[in-house]
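Input: a single structure, listed below in structure tokens.
The values are calculated or read from the model by the stated rules, or taken from the named source; none is laboratory data. Just so we're clear, the structure is a prediction, and the values are computed from it rather than from any experiment. With ideal geometry, Cβ positions are generated from the backbone for all residues, glycine too; neighbour counts draw on all protein chains shown.
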Amino acid sequence: MSVFTEYKNKLPKKILDEIKEYTKDLSEAKIKKVLEMTLIEYEGAKVEAGECVGIVSAESIGEPGTQMTLNTFHFAGVAEMNVTMGLPRIIEILDGRSKLATPMMEIYLNKDHSKGSDIRKLALSIKETLLGEVISELTVNMADSSIELKLDSEKMGDFGITEHVVNEAIKNSIKGYNVRNNKDSIVLKAKSKEDGINQVYLDKEKIKKVHLKGIKGITQVLPVKRGDEYIIITAGSNLKLILELDFVDSTRTTTNDIFEIEKVLGVEAARQAIINEVYKVIESQGLDVDIRHIMLVADTMCNSGSVKGITRYGVVSEKSSVLARASFETPLRHIINAALIGEEDKLNSVVENVMLNQPIPVGTGLPGLVTKVKK
Amino acid sequence: MSEVYINSRFVGTIDEPRLFIEKLKEERRRGKLDSNINVYHDEKSDIVEIECGKGRARRPLIVVKEGQPLLTEKHVKQLEKDEISWGDLIKQGVLEYIDAAEEENCYTAFFDSEITPEHTHLEITPLAMLGLASSLVPYANFNQSTRLNAGSKNQKQSLGFYVSNFSLRMDMDVNLLHEPQIPLVQTIMHEISDYDKHPSGQNLIVAIMSYKGYNMEDAIILNRGSIERGLARSSYYRPSIAEELRYAGGLVDEVSIPDKDVKGYKSEKDYRFLEPDGIIYPEAGIKEGDVIIGKTSPPRFLSSLDEYNLASSTRRESSVGVKHGEKGVVDFVLITENEEGNKLVQVRVRDERVPEVGDKFTSRHGQKGVVGLIVPEGDIPFSASGIKPDLIFSPHGIPSRMTIAHLIELVGGKVGALNSRYINGTTFDAEPEEKLRKELLGLGFRENGTETLYNGETGEAYQAKIYIGNMYYLKLKHMVANKLHSRARGPIQLLTRQPTEGRAKEGGLRLGEMEKDTFVAHGASLLLKERFDSDKTIVPVCEGCGLIAVRDEFKNKSYCPVCGDNSEISFIEVSYAFKLILDEFKSLCIYPKLFLKGKY
């Protein structure tokens, strides 16, 4: 084992472990030889100083991206639930949009529940049920400004909702009414008629949105078997509340909403979520992009401490160079703002130097000569 | 109760729409109502729409009554004898024009053998559903519709015999095919349109095979022997125009050989073809840079014509020369006057175009391609009877495009050439393929159109039988001679000092944003800088205020207009475009201050 200690700081642990695995029955000298050669290969594979990784990443993601546009069409909607995939999804992620077209969660369950015996019940308990879904009839009586709602007992049974729950929910969220239970209907009578009939109509709409049970934002649930355990896939996302549930395996449960992940788990988790989500799309399109390119993009989006999209309001606005910012959309705004505060452009990056026809500080343009000049 | 609309305007209701329409049509056919009226019954929503406005596409059909077309043998005979005309048939109600809406209520038969008592109309000919260019495609009903579109589009770009008085005309940018031929495989439209008076292609012997890979990706191979015998040779005509314009102050242009002291005088050699009147003589062979019409103009600004310059030498040279990249022979000289009575000189230049690698050819089935190789006649494959193809077409162009008519035309052309007759390939009404094959067999050839070909280089027989026959090929107007372009140094734009754009201006080929990125990605920093050197300038910069200073070469000194003579001034190299943006900033009242630092 002594041979390995020497290389402990020179090679990554994963590679060392692999070598250990494969060289079990070799002599120490031979192992040393293997390690030597590996180190040479490893050093040779490293990115050199001055390598323009950003543009290489941009080209490496951009070129396969052009093929993706065409494919997008066919794959949309094939999955069990309607999920944005393909280019629109990539744009959504990289632009850093906080409102997703199709938010989605994958909920893993604890050992006790993952066998699937009570999966339907659990799934339904998560699903957000609104009052509107269990009402069969909703009428407004203008004469005595009251609202009468008939409940659909069949649906109530399906969702496991009792009349009591409905009563409580209405009492909590709709104020200013006397609630009375008739036979299979509930009547809300306004306490005062001062607010007028308009208010009653507004409240009628509000009643439909009254939250009865489940978790806010989860509009659809779908229990699926993955491997030999059952998980719940949901449309709509609410990571914070889901993680609080005791039957949920909080170590594996995820959402595709990056901003939610950032809010609940922090920016590092958001970075990983960006990588996972972008990679998932690229993989599903049958394209092959090295994950490190995506990592670089995710790092750029997160390095300010919060998730920023690659737009003129996000990452681009963080650039230090006035000219670089001006060369990317809305030039006048950037130049005038720069003039107002007397900004200075140090000409440190690529675009500015291309504009000035100066050598760009990457690759062969990076090194300078430092020498003492005789005075 | 049906609602009735005339030209989309509600006019009233009727109870019996069917009877009403029946009556209306009857009146129209009898000539009581104008033949431009069309009526449409929308049975679903029970609306009767009568249209007589303009802008409706309409087409003629034969009226059918009780299972009998109204057009009879008698009419046809009368038509042939010129006793009646088309217009008479419409007046008699034998033919009528149907618009898109009325067509919905019609039940139209393709051929009169198909007519049943329910039919209301009969096609004059199925060809009538195609336009002029599409009906010129033989066997078009065997092609995929997209290919038919492409085929008829290509025909519009073909070179041919566009007018017979071309020698008197001064058309811009015109091509003439030298030996146009009538197609062997024709449609009835060729006859109707007098195609034999303005043909636009040639019947070539086409072999469908590959040849050393020079006909992959839609390229075609030409036989050099055929080209030398005049195949697809054409002339390109372009007139040059000069006018003696009049300017304010009684000054005029003058067509003449410019004096040596004229501003912008080229060189004596460039004017060598000009006769004393300043115009070139016919049949002069000219190339780039030569002057066609010598002309001088008065100076641009009158102020420069002050007392110090009494001599007339300030006139400008404004001759018309041969355009960049062109050559030719002077064909025709015309001297006349324009509307204002000014002298107008037009000189037509002709250039013979022999087919070369890169010229575009097509059959009539959207099978266009570019010449990939011109093979010496000795190396061309030949058949047992000594036939050599003029053109070799790649078999890979066929399966994906499904242009079956292309293949049928080839056999048809072969039969036509061997039997010295034209083949009728009219869409939906052509000579059947089986008949052609039988005829070919009777002529002593293999029935399927293939022949054993022999390698022109080794004389060995090819193992595969080669499909070979005659096809009508068109030379298209896109010729490399008009498009070839390259540049190392050349003209620049006045404002930005960057290279001009476009072939006509001898422009540069832009290295764009994404191309720039590839340089960056390679880290080729200094190469990138060099590529973008085209507008580099050296500007003096005042180190005091950071603005661009002034360099006075006469006094051999530099000074800053802001800080005066004593400020330190350094020279820096930047792109002229950057100097421009600094100027623009200044015009926006933004102070772009440059801080200079030693490079080392």
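Rundown of residues vs (1) loosely packed, with under 14 Cβ neighbours inside 10 Å; (2) more than 14 Å from chain A (Cβ to nearest Cβ); (3) of a type outside the set (A, V, I, L, M, F, W, C), yes/no style:
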{"position": "B:ASP517", "(1), (2), (3)": "no, no, yes"}
{"position": "B:VAL550", "(1), (2), (3)": "yes, yes, no"}
{"position": "B:LYS557", "(1), (2), (3)": "yes, yes, yes"}
{"position": "B:GLU568", "(1), (2), (3)": "yes, yes, yes"}
{"position": "B:LYS586", "(1), (2), (3)": "yes, no, yes"}
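Please verify whether the range B:475-490 includes one or more residues that are among the basic types (Lys, Arg) and within 30 Å of B:LEU440 (Cα to Cα). For the range B:475-490, residues among the basic types (Lys, Arg) and within 30 Å of B:LEU440 (Cα to Cα): present. Just the residues that are in a helix (DSSP H, G or I) and either at positive phi or surrounded by fewer than 16 Cβ atoms within 10 Å (Cβ to Cβ) (or both), please, taken from the range B:519-548. Passing the criteria: B:LEU526, B:LEU527, B:GLU530, B:ARG531, B:ASP533.
Can you say whether A:LEU287 is of a type outside the set (Ser, Thr, Tyr) and within 14 Å of chain B (Cβ to nearest Cβ), as far as the supplied structure shows? Talk me through it step by step, then tell me what you get.
Numbers: of a type outside the set (Ser, Thr, Tyr): yes; within 14 Å of chain B (Cβ to nearest Cβ): no.
So A:LEU287 fails the test.
Could you tell me which of the residues B:LEU582, B:LEU511 is under 45 Å from the mean Cα position of the chain (by Cα) and either among the hydroxyl-bearing types (Ser, Thr, Tyr) or in a loop (DSSP other than H, G, I, E, B) (or both)? Being under 45 Å from the mean Cα position of the chain (by Cα) and either among the hydroxyl-bearing types (Ser, Thr, Tyr) or in a loop (DSSP other than H, G, I, E, B) (or both) holds for just one of B:LEU582, B:LEU511, which is B:LEU511.
At least 2 residues being of a type in the set (A, V, I, L, M, F, W, C) and within 25 Å of B:THR116 (Cβ to Cβ) is the threshold, and among the strands (runs of 3 or more DSSP E) wholly inside the range B:22-100 those reaching it are B:58-65, B:95-99. The combined condition, being surrounded by 13 or more Cβ atoms within 10 Å (Cβ to Cβ) and either closer than 17 Å to A:GLU148 by Cβ or assigned by TED's automatic domain parsing to the domain that holds A:SER145 (or both), is fulfilled by A:TYR201.
Just to be sure, is A:VAL165 surrounded by 15 or more Cβ atoms within 10 Å (Cβ to Cβ), assigned to a strand (DSSP E or B), in contact with a strand residue (DSSP E or B) (Cβ under 8 Å, 6 or more places away or on another chain) and at pLDDT 80 or above?
Values: surrounded by 15 or more Cβ atoms within 10 Å (Cβ to Cβ): yes; assigned to a strand (DSSP E or B): no; in contact with a strand residue (DSSP E or B) (Cβ under 8 Å, 6 or more places away or on another chain): yes; at pLDDT 80 or above: yes.
No: the conditions fail for A:VAL165.
Annotation note: of B:GLU457, B:GLU506, the sole residue that is assigned to a loop (DSSP other than H, G, I, E, B), loosely packed, with under 14 Cβ neighbours inside 10 Å and either within 37 Å of the chain's Cα centre (by Cα) or of a type outside the set (S, T, N, Q) (or both) is B:GLU457.
Of all residues in the range B:195-234, exactly one satisfies the criterion of being more than 15 Å from B:VAL371 (Cβ to Cβ), part of a loop (DSSP other than H, G, I, E, B) and aliphatic (A, V, I, L, M), namely B:MET209.
If you go through the range B:151-189 and keep only what is under 15 Å from the mean Cα position of the chain (by Cα) and of a type in the set (S, T, N, Q), you end up with B:SER152, B:ASN154, B:GLN155, B:GLN157, B:SER158, B:ASN175. You will find that of A:LEU35, A:LEU16, A:LEU39, A:LEU11, the residue that is at pLDDT 85 or above, of a type outside the set (D, E, K, R) and in a loop (DSSP other than H, G, I, E, B) is A:LEU11 and no other.
Look at (1) closer than 15 Å to A:ILE55 by Cα; (2) more than 9 Å from chain B (Cβ to nearest Cβ) and you find that A:SER317 fails only one, number (1).
Residues considered: A:ASN141, A:ASN198. Of these, the only one that is touching a strand residue (DSSP E or B) at 6+ places or on another chain (Cβ under 8 Å) and farther than 30 Å from A:MET104 by Cα is A:ASN141. Selection over the range A:168-199 of residues that are part of a strand (DSSP E or B) and within 22 Å of A:LEU122 (Cα to Cα) gives a count of 0. Return a yes/no flag: does the range B:344-355 have any residue that is basic (Lys, Arg) and farther than 30 Å from B:VAL291 by Cβ. Looking through the range B:344-355, none of the residues is basic (Lys, Arg) and farther than 30 Å from B:VAL291 by Cβ. When the residues of the range B:259-283 are filtered to those that are out of contact with any Asp or Glu (no Cβ under 9 Å at 6 or more places or on another chain) and assigned to a loop (DSSP other than H, G, I, E, B), which remaining residue is farthest from B:VAL330 (Cα to Cα)? By that ranking, first place goes to B:ASP261. Of note, B:ILE572 does not satisfy the criterion of being loosely packed, with under 12 Cβ neighbours inside 10 Å, within 14 Å of another protein chain (Cβ to nearest Cβ), assigned to a strand (DSSP E or B) and not aromatic (Phe, Trp, Tyr). In a residue-by-residue description of the range A:356-370, the property of being in contact with a strand residue (DSSP E or B) (Cβ under 7 Å, 6 or more places away or on another chain) and either more than 14 Å from chain B (Cβ to nearest Cβ) or not polar (S, T, N, Q) (or both) applies to at least one position. The numbered conditions (1) in contact with a helix residue (DSSP H, G or I) (Cβ under 8 Å, 6 or more places away or on another chain); (2) modelled with pLDDT under 90 are all true for B:ARG353 except (2).
Just so you know, in the range B:519-541 the residues that are in contact (Cβ under 8 Å) with a residue 24 or more places away in the chain and not acidic (Asp, Glu) include one that is farthest from the other protein chains (Cβ to nearest Cβ), and it is B:PRO540. Among the residues of the range B:174-190, is there at least one that is in a helix (DSSP H, G or I) and surrounded by fewer than 20 Cβ atoms within 10 Å (Cβ to Cβ)? Within the range B:174-190, one or more residues are in a helix (DSSP H, G or I) and surrounded by fewer than 20 Cβ atoms within 10 Å (Cβ to Cβ).
Can you find, within the range A:137-162, the residue that is farthest from A:LYS209 (Cα to Cα) among those that are among the hydroxyl-bearing types (Ser, Thr, Tyr) and surrounded by 14 or more Cβ atoms within 10 Å (Cβ to Cβ)? Spell out how you get there, then give the answer.
Start the filter on the range A:137-162 by keeping residues that are among the hydroxyl-bearing types (Ser, Thr, Tyr), which leaves A:139, A:145-146, A:153, A:162.
Applying the additional criterion that residues be surrounded by 14 or more Cβ atoms within 10 Å (Cβ to Cβ) yields A:145-146.
Values: A:SER145: 20, A:SER146: 18 Å.
Taking the candidates together, the pick is A:SER145.
The set of residues from the range B:384-408 being assigned to a helix (DSSP H, G or I) and within 25 Å of the chain's Cα centre (by Cα) comprises B:GLY397, B:ALA405, B:HIS406.
This table checks each residue for (1) surrounded by 16 or more Cβ atoms within 10 Å (Cβ to Cβ); (2) under 28 Å from the mean Cα position of the chain (by Cα); (3) at pLDDT 90 or above; (4) assigned by TED's automatic domain parsing to the domain that holds B:LYS323.
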{"position": "B:ILE205", "(1), (2), (3), (4)": "yes, yes, yes, no"}
{"position": "B:VAL262", "(1), (2), (3), (4)": "yes, no, no, yes"}
{"position": "B:LEU302", "(1), (2), (3), (4)": "no, no, no, yes"}
{"position": "B:GLU307", "(1), (2), (3), (4)": "no, no, no, yes"}
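Would you say A:ILE119 is under 28 Å from A:ILE233 (Cβ atoms), assigned by TED's automatic domain parsing to the domain that holds A:LYS208, surrounded by 15 or more Cβ atoms within 10 Å (Cβ to Cβ) and modelled with pLDDT of 80 or more? The answer is no for A:ILE119.
Condition check ((1) more than 30 Å from A:GLY286 (Cα to Cα); (2) free of Cβ contacts under 8 Å to residues at least 24 places away in the same chain) across all residues:
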site	(1), (2)
A:GLU21	yes, yes
A:VAL34	yes, yes
A:ILE40	yes, yes
A:GLU43	yes, yes
A:LYS46	no, yes
A:CYS52	no, no
A:GLU63	no, yes
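Inspect the range A:338-354 for any residue being within 19 Å of A:ILE55 (Cβ to Cβ), facing another protein chain (nearest Cβ under 10 Å) and not in a helix (DSSP H, G or I) and give the result as yes or no. Yes; the residues of the range A:338-354 include at least one that is within 19 Å of A:ILE55 (Cβ to Cβ), facing another protein chain (nearest Cβ under 10 Å) and not in a helix (DSSP H, G or I).
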